[in-house]
1. Being part of a helix (DSSP H, G or I) and among the small types (Gly, Ala, Ser) is the filter; apply it to the range 82-115 and report the residue that is modelled with the lowest pLDDT.
2. Which numbered condition in (1) open to solvent by 50 Å² or more (accessible area, probe 1.4 Å); (2) closer than 24 Å to Leu19 by Cβ; (3) among the hydrophobic types (A, V, I, L, M, F, W, C) is the only one that Trp49 fails?
3. Out of all the residues in the range 71-81, which are open to solvent by less than 90 Å² (accessible area, probe 1.4 Å) and not in a loop (DSSP other than H, G, I, E, B)?
4. Taking the stated definitions as given, is Thr60 in a helix (DSSP H, G or I), touching a helix residue (DSSP H, G or I) at 6+ places or on another chain (Cβ under 9 Å) and under 27 Å from Phe16 (Cα atoms)?
5. Tell me, which residue of the range 6-33 that is over 21 Å from Tyr73 (Cβ atoms) and modelled with pLDDT of 80 or more is least open to solvent (accessible area, probe 1.4 Å)?
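The values are calculated or read from the model by the stated rules, or taken from the named source; none is laboratory data. Keep in mind that this is a model prediction, so the values were computed, not measured. Here the Cβ positions follow ideal geometry from the backbone for every residue, glycine too, while neighbour counts run over all protein chains shown. The area values use the complete protein model at the heavy-atom level, side chains included, leaving out ligands, DNA and RNA. Shrake-Rupley method; radii C 1.70, N 1.55, O 1.52, S 1.80 Å.
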Amino acid sequence: MSLYQINKGVSKPIVFKGLKAQYIAYLAIGLVLLLISFAILYICGLSLWVILPLIVGLGTALFFTVFRLSHKYGEHGLAKHLAKKQLPEQLTFRSRQVFINLKTKRSDLLSTDKK
């Protein structure tokens with residue numbers, strides 16, 4: 001008799017310290033951008049007394065924002081929210097020509113099928 005391994009939870013989202021799915025990537029990208037901005041500001045000759053509070057403040061804001069978005073929207077909620085914002089509130093047609101053409105095209109299709 002063969003033994004088969006059961007993979008439970010294969011389709012579950014990745015969760016790390018309360019962050020779900022794509023929010024882990026958002027946090028990682030934000031931290032890399034903060035590291036690069038720290039390096040650029042340091043190379044430009046800005047004082048560490050200016051750079052450190054700025055980077056620490058932006059990092060704290062990044063953490064709180066990403067965790068808040070993760071808890072508020074969940075795994076796919078942010079993408080759904082952004083997609084819903086792109087939908088128009090209403091569609092306005094100034095003429096019925098669009099619908100008349102649809103009906104004639106449909107009847108043309110039916111008449112060609114019978115031949």
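1. Of the range 82-115, the ones part of a helix (DSSP H, G or I) are 82-85, 97-114.
From what is left, the residues that are among the small types (Gly, Ala, Ser) are 83, 107, 111.
Working: Ala83: 88, Ser107: 52, Ser111: 59.
That would be Ser107.
2. (2)
3. Tyr73, Gly77, Leu78, Ala79, His81
4. no
5. Val32
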